[in-house]
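Input: a single structure, listed below in structure tokens.
The values are calculated or read from the model by the stated rules, or taken from the named source; none is laboratory data. Computed from a predicted structure; not experimentally measured. Neighbour counts run over all protein chains shown; Cβ positions are idealised from the backbone, glycine included.
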Amino acid sequence: MSISIYLVASGADTQSAAMALAERLRDELPGVKLMTNHGGGNFKKQFARADKWGARVAVVLGESEVANGTAVVKDLRSGEQTAVAQDSVAAHLRTLLG
């Protein structure tokens, strides 16, 4: 099974923000397969899981992103990453995923 988006979250107080963002993305991008990390682990382990699931894009939320109201969107094929306001993530993903 392949997914389009893997949501990576690490740090104190990031899980509730990650779940809220995941819910918003599922509402705004119906039909796009999104997986959230529930198993804990550092960023490296979570990116390994994203790769295992064949994710095209990772959306990263750490403590600083939650505090700033941003998320990092990383294209897992090119390695390019961009910081995006959380309320603009869906539009950015729509463009990135085509």
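Contact list please: Cβ distance under 6 Å, first residue in segment 63-74 and at pLDDT below 95, second residue in a strand (DSSP E or B) and of a type in the set (S, T, Y), pairs at least six apart or on different chains. Going by the 6 Å Cβ cut-off, there are no qualifying pairs.
The set of residues from segment 69-97 being surrounded by fewer than 13 Cβ atoms within 10 Å (Cβ to Cβ), basic (K, R) and within 16 Å of G54 (Cα to Cα) comprises just one member, R77.
Among all positions in segment 8-23, there is no residue which is assigned to a loop (DSSP other than H, G, I, E, B), surrounded by 18 or more Cβ atoms within 10 Å (Cβ to Cβ) and touching a residue at least 60 places away in the same chain (Cβ under 8 Å). For segment 1-28, the set of residues classified as farther than 13 Å from L76 by Cβ and more than 13 Å from the chain's Cα centre (by Cα) consists of M1, G11, A12, D13, S16, D27, E28, listed by residue number.
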